[in-house]
Amino acid sequence: MDKIKHSSLKLFVILFSTFFLLGYIIYPLYKLMLMGSDVPGGIHQLVNKSLYGACLNSLTISLLSVIGSGIIGTFFAYTLHFKKIWFKRWMSVLILLPIAIPPMVAVMSYLFLLNDNGLLSRFLGLKELHFTGWKAILTVHLYSFYPLFYLFANNAIRSTDNSIVEASYMLGASKTATFFKVILPQLRPSLIGASILTFMASMASFSAPFIFGGSTRFLTTEIYYAKINGDNSIAAIYALVLSVITLIPLLFFLWYSKKIPSAAKSKGTAKKNSLAAHKKTDILSSALSFLFTLMIMLPVLSIVLISLLPDNFLMAHEINFSLKNYKALFKQYDLIEPFVNSVLVSLAGVLISLVVGISVGNLIRGKKNIFKSVTELVASIPYGIPGTVIGICLILSFNEPSVFSFSSVLVGNFWILPVAYAIRNLPIITQATKAGLQSIDPSLEEASKTMGASPVKTWRSITFPMISPFIIEAALLVFINAFGEFVATILLYTADTKTMPIEIYAQMRLDNNGMAATYGVVLFLIVLGIVFITRRNTNKR
């Protein structure tokens, strides 16, 4: 009986996972290609739509973002590890602050801080900053993406045996030579991984080009403008081009991650860093770290400050700080509704991604075969697909009844947003489940089965409790991504499902800067709290 029950459950997992991957990843991409092939005028229409210019701009800003973020992140990873500076522990925490700032909130904070009527112009008398266009977009990208390089480089440096660096110094090599010939080779795999992920994230970026881009064309914004103009074929073509550009690095990353060489380490436990212990405090590095940390905190402080001001503070002669905006947010239903919507659709998205991700992660476990390899590849595709593309795919696929929507129209429905969030974050749950399963000693499960427990009971009593920390952390990360999601949401939301990032944009368009900043602060605090809980649990484990 137990064997029949286990076989039935395994068959259900296979069918369920296959249904979701086919219906919500393969089928939407097929519909996108089908629509993209139906472009009136063919290639000439694409030239008229300035596809080449949008591609060039997106590629350029992405490459600049990779280079700039790489320099900043690697520099501070090296500085905070090898040099003795003031308040190092606090610096190492504050330097990761941008991780907790959703893209739309980061854009808004810089807009309030550096635009011609921003805080610096008003209180410091700085005029004609002209914070727009390429420099604004690149600034926001560097602010958002350098923590990725910092984390990758920092982890690589901490896992490297520092006796290698000490040996280089003892042999007479300078600090510069040691960095380029000893340290940098150890960081190369991590930096390549961070570069690929940053490139994909920058190509998929929508908020900064949308707010600061003006008339400059980028692939993500062109998809949005084509869609709102009703030109689905052109939107599909732009989405296809963007998908190809982002999927190629993803496929390379999946291949390269299996080829990454191990960092050079000595036998036994790697020697911890002792190079900075007997050095004097590096004043220059301390000053640079302090100034950079201040620059990181300024955008956050700007939205906190503006949230305490009335919406028309730019026109007021006297400024009075108050909690009026916060009181209004939690007392008026029309203002708190976007917060409620964000919580509901994010939790629904987490639930869907958990059910599908755990099923797929369990399915691809064990010895590889063609079916498992293809399943894992398909489940990884959404990581390389930008939110705008996912939005367009869902619109083209579910604007009419189909077997995958259970004979209903999902577009305009509440569930379209949770489905979009689940699709986009599916790789996170899948890989977390896979990592958790790989960390389990197979002898534990074998012992359970030997003692008479059924496979289902073994999973429930042994396997799931052991992988639950991985799944909980992944679920929190999915919630963070969904809660601050703006890119796909702006294409899919309705008046009844308006979320906080959408409401922030709406309030900014109405010049209600105080209320927009209030939403941003609440969103930031929620995400910051979840990030803190996640990192604390990770460190404990």
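The A506 and V93 beta-carbon pair, evaluated with R₀ = 56 Å, returns a calculated FRET efficiency of approximately 0.95.
Normalising the average separation of contacting C-alpha pairs (under 8 angstrom, six or more residues apart) by the number of residues puts the relative contact order of the chain at 22 percent. The residues packed around T388, meaning those with a beta-carbon under 10 Å from its beta-carbon, carry a net charge of 0 if Lys and Arg are +1 and Asp and Glu are -1. In terms of the mean number of neighbouring beta-carbon atoms within 10 Å, the peptides 347-353, 132-138, 464-470 order highest first as 347-353, 132-138, 464-470. In terms of surrounding Cβ atoms within a 10 Å radius of their Cβ, R89, R365 rank from fewest to most as R89, R365. Which entries of K10/K372; K367/K434; K10/K434; K10/K31 have Cα-Cα distances beyond 19 Å here? The answer is K10/K31. First check a/c for segment 168-242, with a ≥ b ≥ c the square roots of the eigenvalues of its C-alpha gyration tensor; if it is under 1.5, answer rounded, and if not, answer prolate when a/b is larger than b/c or oblate otherwise. Cα axes put segment 168-242 in the prolate bin. The Cα-based radius of gyration of the chain, divided by its Kirkwood radius, gives an Rg/Rh of 0.98.
The order of M108, M200, going from fewest to most other C-beta atoms within 10 Å of their C-beta, is M200, M108.
What does the C-alpha gyration tensor say about the overall shape of segment 278-404? Classify as rounded when a/c is under 1.5, otherwise prolate if a/b is larger than b/c, or oblate. Here segment 278-404 falls in the oblate category. Counting charges near F179 (Lys, Arg +1; Asp, Glu -1) among other residues having Cβ under 13 Å from its Cβ returns a value of +4. Each peptide among 386-393, 140-147, 397-404 gets the average number of other Cβ atoms lying within 10 Å of its residues, and from highest to lowest they stand as 386-393, 140-147, 397-404.
Here the residues S190, S174, S202, ranked from fewest to most Cβ neighbours within 10 Å of their Cβ, fall in the order S174, S190, S202.
Any read-out appearing in this document is the output of simple, stated calculations on the displayed coordinates, not a laboratory observation. Just so it is clear, the model here is predicted, and its values are computed rather than measured. With ideal geometry, Cβ positions are generated from the backbone for all residues, glycine too; neighbour counts draw on all protein chains shown.
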